[in-house]
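The values are calculated or read from the model by the stated rules, or taken from the named source; none is laboratory data. Remember, it's a predicted structure, so these values are computed and weren't measured experimentally. Counting neighbours? That spans all protein chains shown, and the Cβs are built from the backbone with ideal geometry, glycine included. Just the protein is used for accessible areas: all its heavy atoms, side chains included, with ligands, DNA and RNA removed. Shrake-Rupley method; radii C 1.70, N 1.55, O 1.52, S 1.80 Å.
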Amino acid sequence: QVQLVESGGGLVRAGGSLRLSCAASGSGFSIDAMGWYRQAPGKQRELVVVINSAGTTTYGDSVKGRFTISRDNAKNTLYVQMNSLRPEDTAVYYCLVVLIGGNNYWGQGAQVTVSS
């Protein structure tokens, strides 16, 4: 019903920036909330940031002040602007879409690697 395509991952030096995008496509769905999670090797998946339909955001403590979420409702696209990147930000970043009704969909993951 919903397909999520992530883009924007890659390699960046410490202190640099990246912007990830997550585009939702399909038909007959309405999005309740969207967000980003990440998982580093050997670690649990953790919250990066989520945003609900009213625009309320919740950031993980480790990214607060450095990452900013935004969305284009007309395009069903989610973004996260990541600034002041650190090596510990290296992870696979997953887009999450929660539909009205509660069904969850995950993107394929985008690798972000930050080198020192």
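Quick notes
- The combined condition, being surrounded by 12 or more Cβ atoms within 10 Å (Cβ to Cβ), at pLDDT below 95 and more than 13 Å from the chain's Cα centre (by Cα), is not fulfilled by residue 51.
- Any hit, the range 66-75, residues being touching a strand residue (DSSP E or B) at 6+ places or on another chain (Cβ under 8 Å), among the aromatic types (Phe, Trp, Tyr) and more than 17 Å from residue 2 (Cα to Cα): yes
- Wholly within the range 1-66, strands (runs of 3 or more DSSP E) carrying at least 3 residues that are aliphatic (A, V, I, L, M): 2-7, 18-26, 31-39, 46-52
- Residue 28 meets each of the listed conditions (1) in contact with a strand residue (DSSP E or B) (Cβ under 7 Å, 6 or more places away or on another chain); (2) open to solvent by 60 Å² or more (accessible area, probe 1.4 Å) apart from (1).
- Pairs linking a residue in the range 96-116 that is free of Cβ contacts under 8 Å to residues at least 60 places away in the same chain to a residue that is open to solvent by less than 40 Å² (accessible area, probe 1.4 Å), with Cβ atoms under 6 Å and 6 or more positions apart or on different chains, are 104/98.
- Boolean, residue 57 is surrounded by fewer than 18 Cβ atoms within 10 Å (Cβ to Cβ), free of Cβ contacts under 8 Å to residues at least 40 places away in the same chain, of a type outside the set (D, E, K, R) and in contact with a strand residue (DSSP E or B) (Cβ under 7 Å, 6 or more places away or on another chain): yes
- Per-region count, the range 67-108, residues surrounded by fewer than 17 Cβ atoms within 10 Å (Cβ to Cβ), under 13 Å from the mean Cα position of the chain (by Cα) and in a loop (DSSP other than H, G, I, E, B): 1
- Within the range 34-46, residues that are over 22 Å from residue 103 (Cα atoms) reach partners that are open to solvent by 60 Å² or more (accessible area, probe 1.4 Å) and not in a strand (DSSP E or B) with beta carbons closer than 8 Å, at six or more positions or on different chains, in the pairs 40/88.
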